[in-house]
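Notes for the one structure printed next.
The values are calculated or read from the model by the stated rules, or taken from the named source; none is laboratory data. Here the structure is a predicted model, which means the values were calculated and not measured. We place every Cβ from the backbone using ideal geometry, glycine too, and count neighbours over all the protein chains shown.
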Amino acid sequence: MTRLDFSRADFPEGFLFGTATSSYQIEGHGFGGAGPTHWDSFAATPGNVARAENGARACDHYHHFEEDLDLIKAAGFDAYRFSTSWARVMPDGRGAPNPEGLDFYDRLTDAMLERGLKPCVTLYHWELPQPLADLGGWRNRDIAGWFADFTEVIMGRIGDRMYSAAPVNEPWCVAWLSHFQGLHAPGMRDIRAAARAMHNVLLAHGRAIQAMRGLSMQNLGAVFNFEWAQPADDSPAAQQAAALYDAIYNRFLLGGVFKGEYPADVLAALEPHLPLGWQDDFPTIQAPVDWCGLNYYTRKVIAPCDGPWPAHKEADGPLPKTQMGWEIYPEGLYNFLHRTAAEYTGDLPLIITENGMASADVLQNGTVADPARIAYINAHLAKVKQAAEEGVPVQGYFLWSLLDNYEWALGYERRFGLVHVDFESLQRTPKDSYKALMFALTRLAMTVFAALPALVADIGGTNTRIALAHGAAVDESTVRRFRNADQAGLEPVIHAFLQELGNPGIGAACVALAGPVAGNSGRMTNLDWEISTDLLQRAAGAPRAALLNDLQAQGHALTHLAPAKCPQLFAGTSSRGTSSKLVAGIGTGFNIAPAFTTAAGVEVLAAEAGHTDLPVADEDSLSLSRFIAARHGHAALEEVLSGRGLETVYAWAAAGAGQDRTLSAADIMAAAKAGSDPLASRTVEVFCATLGRACANLALTCLPYGGIYFSGGVARAAAPFLGSHGFYEAFLDKGRFSDFLRQFPIHVIEDDYAALTGCASHLAGQ
């Protein structure tokens, strides 16, 4: 089973996860005293619905709701978004209610609460009582009052226990799809009918909000469906067609509820058909709500066409499609979250009230594999998470749908469910997507993840080391080394590593890399690999992933390294504790990472200290600074304190002696150790003095009472020289602050796996 790329921990505290259904699609309408609906009539008309199927039995949720609620609870969802059937509660749409219908929703509500689920009700999800349809239905302005009466009846019974409530699901479908396009009940194709339905459905929404406020209900919202309108090409005609599609589908209804106005380009066609005095209804339509719901599935590619208004058509788009023929376009959800908040709702909470996909799911050997749905959920939740991180007030996400169900004019063949339903036996079978969600959402799953090993890796310039860890301890028996030049990227390295170890389950993953990390991605200057948390989660199959630069990883490791692995070079006199430390990395470059231990854990800051100015304290250092600036344009610190820096200093020293000589860093260190080359000895002395001055400046800035820790290959090679080649003298050369600097102990890290330990410690929160 493919896992999801997220867990609860990836979303803000209190973020709501739920699933959704609708009454006519799952309950079964042929029992429980429900009256006839316009959907029953629509389905009975040949050609309207595939195989003339209706909702008379559906999933028989009416008799199976306990089982279905158990499935919701087991998956780890917080809330259940359901709808009430107007015709079940009031069979004639008006007048006396049906006690059986009220009792059903009473039992359903209590059963949700017993399972700790938040009941989120939608009053109307498209099945209008047929007696009201006979009176004109949504074309009749009186429907707003009828709907308010229904609201008072059903919410008078269960409203006191609702977590949230919304009057109408997807008013565009109620009005436009059903009265202009004729694809849903009542199946009309009439611009006048559509115009009145578009207005009246909003008026009914406002009246219902007022009725629920009168019952002292809170947390009331409005639910709209959205489709991103993409012009078929760059032509002005296509741009205009897409803009009109957007206005009809998205902006008309939002504008009515949140701005008290309709888009001018839609009014140009609809205003002659709107009911008399429609402008006076906006105070009711704008009855304040507490949140806005977004139902999002796809985008539409729109092209102009010949013919009457609106003179546009849907074109075939290039993206992968669901069983509905809808393009998979997660960016549209992200765009709508930002746009809705910016243009209509401001700080009002946004809820994704529906998102999901239909696929031709097949039950085989007791399981239903639906990897495409898992990928769909991953992609859309990633965009929700991104929007939340960017400040959009999105506070919840509901999957459509819990069950395979009656898909309106398409009958029972299109499957949106997380749970497969055999419509003959009514057997429920959770699909792989359900299991993946359960794994991502439940506390049990988090416990399971916490018990699994972590994958940790250290990407250097030449090799990548990778291992398993338990807590903050690296299992050194699992350490593997991969030569970067032999690999196409990090993902195949992880796959090869896990395969060698028998593909163990991974609870979390963290990578340290020798390069800058920004947000959820990092880069290395000498390695063309994609490195991101998304890739890491995908490759490791872990619900949680993190990236650190290599020095941050070293900083996280400090409290877990054995003293023998980080010997002390110079003792410190401080008695101020060890909460602040400083890692200085000297290798292919130079950088630092201040580390602070707080009540919340260890925090290690990133820096780019290697690009600060070379300290100048005497004529020699001034000469060296000018030499480097002439070569590189800037005398940066790492042009001395690095492997290549040693080579640069050697060339400078040779030039000062009137010689034109070069030597590799390794040979410089070897010659200095042997005492065989005065220029090498001079190079090491300058290196040590520069390191001392730089560290003194950094120590006065960061106050690392817990110690300065050198890491990296060059640091380890230079460590034997620090006591004899002027390092400490230069470090203390701060006049009256010399004794102050004696407070800070100085160590060198000699643990080859320190970065791996740091990754493990970071994941473990230690």
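In segment 547-567, the qualifying residues are those that are in contact with a helix residue (DSSP H, G or I) (Cβ under 9 Å, 6 or more places away or on another chain) and not in a helix (DSSP H, G or I), and the one that is farthest from Gly461 (Cα to Cα) is Pro567. Annotation: of all residues in segment 716-730 being free of Cβ contacts under 8 Å to residues at least 60 places away in the same chain and surrounded by 17 or more Cβ atoms within 10 Å (Cβ to Cβ), the one that is nearest to the chain's Cα centre (by Cα) is Ala717. Scan segment 567-621 for residues that are among the basic types (Lys, Arg) and either surrounded by fewer than 19 Cβ atoms within 10 Å (Cβ to Cβ) or in contact with an Asp or Glu (Cβ under 7 Å, 6 or more places away or on another chain) (or both) and the total you get is 1.
With the condition kept exactly as written, say whether any residue in segment 79-95 is assigned to a helix (DSSP H, G or I) and surrounded by fewer than 19 Cβ atoms within 10 Å (Cβ to Cβ). No: zero hits.
For (1) of a type in the set (Phe, Trp, Tyr); (2) within 24 Å of Arg414 (Cα to Cα); (3) at pLDDT below 95, each residue gets a yes or a no:
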residue: Phe65; (1), (2), (3): yes, yes, no
residue: Val89; (1), (2), (3): no, no, no
residue: Leu108; (1), (2), (3): no, no, no
residue: Leu113; (1), (2), (3): no, no, no
residue: Thr122; (1), (2), (3): no, yes, no
residue: Arg139; (1), (2), (3): no, no, no
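Yes or no: segment 702-715 includes at least one residue that is without any contact (Cβ under 8 Å) to a residue 40 or more places away in the chain and not in a loop (DSSP other than H, G, I, E, B).
Of segment 702-715, the ones without any contact (Cβ under 8 Å) to a residue 40 or more places away in the chain are none.
No, segment 702-715 has no match at all.
I'm told Tyr650 meets every condition in (1) more than 46 Å from the chain's Cα centre (by Cα); (2) surrounded by fewer than 20 Cβ atoms within 10 Å (Cβ to Cβ) except one. Can you identify the failing condition by its number? Result: Tyr650 fails condition (2) only. Of all residues in segment 314-349, those being touching a helix residue (DSSP H, G or I) at 6+ places or on another chain (Cβ under 7 Å), within 22 Å of Phe416 (Cβ to Cβ) and not in a loop (DSSP other than H, G, I, E, B) number 5. Residue check: Ala74 meets all listed conditions (1) within 25 Å of Ser425 (Cβ to Cβ); (2) in a loop (DSSP other than H, G, I, E, B) but one, namely (2). Report yes if Val392 is at negative phi, of a type in the set (Val, Ile, Thr), part of a loop (DSSP other than H, G, I, E, B) and in the same structural domain as Phe82 (by TED's automatic domain parsing), otherwise no. Here the answer is yes, as Val392 does meet what is asked.
For segment 666-701, residues that are outside any helix (DSSP H, G or I) and within 41 Å of the chain's Cα centre (by Cα) total 0. Filtering Glu343, Glu407, Glu354, Glu390 for residues that are surrounded by fewer than 22 Cβ atoms within 10 Å (Cβ to Cβ), touching a Phe, Trp or Tyr at 6+ places or on another chain (Cβ under 8 Å), modelled with pLDDT of 95 or more and among the acidic types (Asp, Glu) leaves a single hit, Glu407. Residues in segment 275-291 that are surrounded by 14 or more Cβ atoms within 10 Å (Cβ to Cβ) and not in a loop (DSSP other than H, G, I, E, B): Trp278, Asp281, Phe282, Thr284, Ile285, Trp291. Of all residues in segment 219-254, those being assigned to a helix (DSSP H, G or I) and either surrounded by 19 or more Cβ atoms within 10 Å (Cβ to Cβ) or hydrophobic (A, V, I, L, M, F, W, C) (or both) number 16.
Restricted to segment 431-511, the set of helices (runs of 4 or more DSSP H) holding at least 2 residues that are touching a residue at least 60 places away in the same chain (Cβ under 8 Å) and of a type outside the set (S, T, N, Q) comprises 432-441, 443-451. Scan (1) closer than 27 Å to Ala388 by Cα; (2) out of contact with any strand residue (DSSP E or B) (no Cβ under 8 Å at 6 or more places or on another chain) for the single condition Ile328 breaks and write down its number. So Ile328 meets the others, but not (2). The residues on offer are Pro304, Pro275, Pro283, and the sole one that is within 22 Å of Ala193 (Cβ to Cβ) and not polar (S, T, N, Q) is Pro275.
Could you identify the single residue in Ala208, Ala197 that is touching a Pro at 6+ places or on another chain (Cβ under 7 Å), of a type in the set (Gly, Ala, Ser) and assigned to a helix (DSSP H, G or I)? Explain how you work it out, then say what you get.
Details: Ala197 fails: touching a Pro at 6+ places or on another chain (Cβ under 7 Å).
Criteria check complete, one pass: Ala208.
Matching residues to (1) within 24 Å of Tyr80 (Cα to Cα); (2) under 40 Å from the mean Cα position of the chain (by Cα):
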{"residue": "Thr122", "(1), (2)": "yes, yes"}
{"residue": "Pro131", "(1), (2)": "no, no"}
{"residue": "Asp134", "(1), (2)": "no, no"}
{"residue": "Arg139", "(1), (2)": "no, no"}
{"residue": "Ala144", "(1), (2)": "no, yes"}
{"residue": "Glu152", "(1), (2)": "yes, yes"}
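Among all residues of segment 529-552, there is at least one that is of a type in the set (Val, Ile, Thr) and modelled with pLDDT under 90.
Exactly one residue out of Asp458, Asp486 is more than 24 Å from the chain's Cα centre (by Cα), crowded, with 16+ Cβ neighbours inside 10 Å and charged (D, E, K, R): that is Asp458. Just one of (1) in contact with a helix residue (DSSP H, G or I) (Cβ under 8 Å, 6 or more places away or on another chain); (2) assigned to a helix (DSSP H, G or I); (3) not charged (D, E, K, R) fails for Ala58. It is (2). Go through the residues of segment 214-231 one by one and say whether even a single one is over 30 Å from Phe17 (Cα atoms), touching a strand residue (DSSP E or B) at 6+ places or on another chain (Cβ under 9 Å) and in the same structural domain as Trp400 (by TED's automatic domain parsing). Scanning segment 214-231 turns up at least one residue that is over 30 Å from Phe17 (Cα atoms), touching a strand residue (DSSP E or B) at 6+ places or on another chain (Cβ under 9 Å) and in the same structural domain as Trp400 (by TED's automatic domain parsing).
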